[in-house]
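Read the structure below first, then the notes.
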Amino acid sequence: MSTPSTKAVPTGDKSKKTTTTTTTVVKTTTTTTKQPQQKSLSTLAVGSKVKKPKTTASGKKVVNSHSNRLLSNNGLMRFSRGRMFQRRALYRISKWKDERAKLKGDKTKKTAGSIQKKKQRLSPLKKKSIGGERNGKERLVRTKRFPRYYPTEERPKKFSVKRKKFSTHPRRFRSSLTPGTVVILVAGKHAGKRVVVVKHLSSGLLLVTGPYKFNGVPLRRVNQIYVIATSTKLDLSAGKFDELDDKFFKRVRPAKKDAEKDIFDTKKEKPKLREERNQAQVNVDKVVVNAVKTHADSRLLRRYLKSRFQLWNGVLPHKLQF
Amino acid sequence: MTSSKKVEKPQGAYIKKGRLYVKAVFTGFRRGKRNQHENTALLKLDGVNTRRETNFYLGKRCAYVYKAKNKTLVPGQKRLNRVRIIWGKVTRAHGKSGGVRAKFRRNLPPKAIGRRIRVMLYPSRI
């Protein structure tokens, strides 16, 4: 199999190809054009290879005597980029010649291979006009000033940019925990209750709801590890829960009022649930309850969600099919 | 649901909680014939009889629950309680017949040998 060169083949050629294949013995590959698919050399990344067809028309592997190889142990190649260029005589390729001609003409373009060797050098000194009568009207001043400070020690290295912050780490969800799955809460205040997964949150938590009417579990965030997924799934595609994210559920702490309040005032204001959270609960539960109603086993499902999961004699979780 | 009214909790909220842990027995410490290592406990889980069956329980949290004379605060409860817990986790299987090794935050007291240990269902991997 060869790399099909989609760019290089003009339509004229294609028509020719089709006629030949019908008359002669059909060969599987389409290597009429031998020119490999190339990016312009100026944009090639360091270490990338210019692709050549790996097999000839007869299906044999092409082993190039000019190919490069990895040195064992290091990440180094046997021949450098420049050397490979020479060995493969890529300077002969008309495409490269065209590129070069273009670059020579266009001096504002910067190339990675730096075919243009001469940069525009700034003169080290420049003339600056200076005010004041007796200061001599002009002075020669350095264009680039000397640094004000030369550190005697190496600066302490900053936190490497490559190391990702935890907040940007990808969060993975168990494949069994899709939105709409009925799930058993296994720890916490609502342990044992069967509950519906509404959404995956970007922090890695699950958003879950009873629905509240069934078992008293509100819209709540839950960690995946405290949840056992069952095979029962509901269809929640009718609902859009875009505004429900971690920010929405984050605790809002009351602003501190130092001056006004008495220090000895021990009354703690009870945290009230925001009205929008109550509204969200109503909205989400509507969708979920509807999904339960339209489910095939809706009666059973309702009672299922209202009941609690328990272990009793003879029930072994490693043998249960959830 | 306005915040001024008191919202009645639905019926489903009041059902009594059942058992959500697997019963296990602390059979002893990891040991050879003449030396014992108290940092690892051996547990026998109820109904688990082969090494293959122990796979479900690996990593699960376990608790040795006991009572003491003095009352202390228990997290999540306002009243002082006599109940105390030593937490640990199931680390690996032990032998072919469903035994399991567990490590606790503090080594289990030897008087716990033969006593009940609760193996919870979390962290869940299903």
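The values are calculated or read from the model by the stated rules, or taken from the named source; none is laboratory data. Everything quoted here is computed from the prediction, not taken from an experiment. When we count neighbours, we look across all protein chains shown, and the Cβ atoms used for this are built from the backbone with ideal geometry, even at glycine.
Couple of notes before you dig in:
- The set of residues in segment A:290-322 being of a type in the set (Ser, Thr, Tyr) and in a helix (DSSP H, G or I) consists of A:294, A:298, A:304.
- In segment B:3-45, residue modelled with the lowest pLDDT [restricted to those that are facing chain A (nearest Cβ under 9 Å), farther than 25 Å from residue A:305 by Cβ and surrounded by fewer than 16 Cβ atoms within 10 Å (Cβ to Cβ)]: B:3
- Residue count, segment B:87-98 (criterion: away from chain A (no Cβ under 14 Å) and closer than 18 Å to residue B:51 by Cα): 6
- Residues of segment A:170-196 that turn out to be closer than 15 Å to residue A:239 by Cβ and within 25 Å of the chain's Cα centre (by Cα), as a count: 2
- Residues in segment A:216-225 that are surrounded by fewer than 20 Cβ atoms within 10 Å (Cβ to Cβ) and within 11 Å of residue A:186 (Cβ to Cβ): A:223, A:225.
- Filtered by the rule that a residue be among the small types (Gly, Ala, Ser) and loosely packed, with under 15 Cβ neighbours inside 10 Å, segment B:63-75 gives a lone residue, B:68.
- The condition of being touching a Pro at 6+ places or on another chain (Cβ under 9 Å) and at pLDDT 95 or above holds for residue A:228.
- No other residue among B:84, B:118 is modelled with pLDDT of 95 or more, within 13 Å of the chain's Cα centre (by Cα), of a type outside the set (A, V, I, L, M, F, W, C) and not in a helix (DSSP H, G or I) apart from B:118.
- A count restricted to segment A:173-229 and to residues that are hydroxyl-bearing (Ser, Thr, Tyr) and facing another protein chain (nearest Cβ under 9 Å) stands at 3.
- Identity of the residue in segment B:109-126, away from chain A (no Cβ under 14 Å) and surrounded by 16 or more Cβ atoms within 10 Å (Cβ to Cβ), that ends up farthest from residue A:318 (Cα to Cα): B:112
- Pair list, Cβ < 6 Å and 6+ apart or interchain, from segment A:86-100 residues that are farther than 20 Å from residue A:67 by Cα to residues that are at pLDDT 85 or above and among the acidic types (Asp, Glu): none
- Selection status of residue B:78, loosely packed, with under 14 Cβ neighbours inside 10 Å and not small (Gly, Ala, Ser): yes
- Residue check for residue B:60: within 14 Å of chain A (Cβ to nearest Cβ), farther than 21 Å from residue A:315 by Cα and surrounded by 15 or more Cβ atoms within 10 Å (Cβ to Cβ): no
Rundown of residues vs (1) out of contact with any His (no Cβ under 6 Å at 6 or more places or on another chain); (2) of a type in the set (Ser, Thr, Tyr); (3) surrounded by fewer than 17 Cβ atoms within 10 Å (Cβ to Cβ), yes/no style:
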{"residue": "A:163", "(1), (2), (3)": "yes, no, yes"}
{"residue": "A:170", "(1), (2), (3)": "yes, no, yes"}
{"residue": "A:181", "(1), (2), (3)": "yes, yes, no"}
{"residue": "A:197", "(1), (2), (3)": "yes, no, no"}
{"residue": "A:204", "(1), (2), (3)": "yes, no, yes"}
{"residue": "A:234", "(1), (2), (3)": "yes, no, no"}
{"residue": "A:246", "(1), (2), (3)": "yes, no, yes"}
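- Checking the stated criteria, residue A:143 turns out not to satisfy the condition of being loosely packed, with under 10 Cβ neighbours inside 10 Å, over 29 Å from the mean Cα position of the chain (by Cα) and not basic (Lys, Arg).
- Residues in segment B:70-81 that are within 21 Å of residue B:20 (Cβ to Cβ), away from chain A (no Cβ under 14 Å) and part of a loop (DSSP other than H, G, I, E, B): 1 in all.
- Extreme residue, farthest from residue A:302 (Cα to Cα), among residues of segment A:244-289 that are assigned to a loop (DSSP other than H, G, I, E, B) and at pLDDT 85 or above: A:250
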